[in-house]
Amino acid sequence: MGGPQVRKILVIGDFHIPSRARWIPRPILEFLLDKNFDLVLCTGDLCVAKVQEFLSRLGPLRVVRGNMDYIENPREFKQKIEDVVVGM
């Protein structure tokens with residue numbers, strides 16, 4: 001009964017740390033910390049490198065640069081995942 005493999009993919013972004021929040025809110029941290037993702041896609045606006053470092057511990061990370069980012073990340077990303085092309 002081999003169907004398509006289900007993947008756990010986290011799509012997250014717009015942290016704006018520290019300008020809009022000191023850190024990731026506790027309920028979100030608690031949800032994320034016990035998970036292992038097959039892929040983490042971040043849509044940018046990390047604003048500080050420590051957010052990117054945290055996300056990289058959750059699974060393979062792909063990040064694009066947001067308009068508030070000064071971290072060197074690509075401006076766009078595109079990858080085929082099984083039969084779906086994901087772009088950001």
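Rule-based calculations on the coordinates, nothing more; no lab input. Because the structure is a prediction, the values reported are computed rather than measured. FYI the Cβ positions are ideal-geometry reconstructions off the backbone, even for glycines, and counts take in every protein chain you see.
Just a few scattered comments:
- Projecting label points 7 angstrom from Cα along Cα→Cβ for Arg7 and Arg75 puts them 2.6 nm apart.
- Exposure here means at most 13 other Cβ atoms within 10 Å; with trypsin sites (Lys or Arg not before Pro) in a DSSP loop as sites, the longest stretch of the chain lacking them is 36-56.
- For the chain, the dipole from Cβ point charges (+1 on Lys and Arg, -1 on Asp and Glu) about the Cα centre works out to 120 debye, to the nearest 20.
- Only helices enter the 222 nm calculation for the chain: every DSSP H run of n ≥ 4 contributes -39,500 (n - 2.57), and dividing by all residues gives -5000 deg cm²/dmol, rounded to 500.
- Using a Förster distance of 30 Å, the FRET efficiency for Phe31-Asn67 (Cβ separation, nearest 0.05): 0.70
- Cα gyration tensor shape of the chain, rounded if a/c is under 1.5, else prolate or oblate by comparing a/b with b/c: oblate
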